[in-house]
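**Student:** Got a structure for you, questions after.
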Amino acid sequence: MSDLKPARILAIETSCDETACAVIENGRALLSSVVASQMEVHARYGGVFPEVASRQHVLSIIPVVQAALAQAHLTLNDIDAIAVTQGTRSRRIAHRRHEHGEGHRARAR
C-alpha cells in the first residue's frame with residue numbers, strides 16, 4: 001500500500017469563448033467540471049468578439065472556479081497544482097502554498 005496523498009490539479013481553460021474549470025485527481029479521475037458558455041453573448045456579433053470574450057472571462061472565472069471546487073468537495077488548500085491555457089496551448093503551473101510564498105519573497109530580494 002502507498003501512503004501517498006492524491007495529487008489534485010485545478011485546470012482552467014479560457015482560450016476562446018468559454019470559461020471552464022475542472023478538478024482532476026492523479027491525472028485520471030475527473031472530480032468536477034464546470035463550464036460558463038458565452039454563446040448567447042457572441043451570437044449577437046455573429047461570432048466571437050475578443051474584447052467581449054475577455055470581459056466575460058473576468059466576470060466568470062471566480063464563480064466557475066468556486067463551483068468546480070464545491071462540486072469536487074474541495075478547497076484551494078486541497079489543490080496541488082494549477083494548469084491553465086496559454087493561447088491555444090495548455091501550461092502547468094506548480095502551485096503549492098509554500099512555493100507561492102517563496103516566489104513573492106524571491107521577487108522582493
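The values are calculated or read from the model by the stated rules, or taken from the named source; none is laboratory data. This structure is a prediction, so every number in the text was calculated from the model and none was measured. Glycine also receives a Cβ, built like all others from the backbone with ideal geometry; neighbour counts cover every protein chain displayed.
**Student:** Considering each residue of the range 76-99, count those that are modelled with pLDDT of 90 or more and either surrounded by fewer than 12 Cβ atoms within 10 Å (Cβ to Cβ) or not hydrophobic (A, V, I, L, M, F, W, C) (or both), and give that number.
**Tutor:** Result for the range 76-99: 3.
Conditions tested, residue by residue: (1) among the β-branched types (Val, Ile, Thr); (2) touching a residue at least 12 places away in the same chain (Cβ under 8 Å).
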| position | (1), (2) |
| --- | --- |
| Gly27 | no, yes |
| Ser33 | no, yes |
| Tyr45 | no, no |
| Val48 | yes, yes |
| Val52 | yes, yes |
| Arg55 | no, no |
| Ser60 | no, yes |
| Pro63 | no, yes |
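**Student:** Here's a follow-up. Taking the residues in the range 16-48 that are assigned to a strand (DSSP E or B), at pLDDT below 95 and polar (S, T, N, Q) as candidates, determine which candidate is surrounded by the most Cβ atoms within 10 Å (Cβ to Cβ).
**Tutor:** Thr19
**Student:** Restricting the search to the range 49-60, which residues are at pLDDT 85 or above and either in contact with a Ser or Thr (Cβ under 6 Å, 6 or more places away or on another chain) or over 21 Å from Val23 (Cα atoms) (or both)?
**Tutor:** Passing the criteria: Arg55, Gln56, His57, Ser60.
**Student:** Only one of (1) more than 14 Å from the chain's Cα centre (by Cα); (2) surrounded by 14 or more Cβ atoms within 10 Å (Cβ to Cβ); (3) modelled with pLDDT of 95 or more fails for His73. Which number is that?
**Tutor:** (2)
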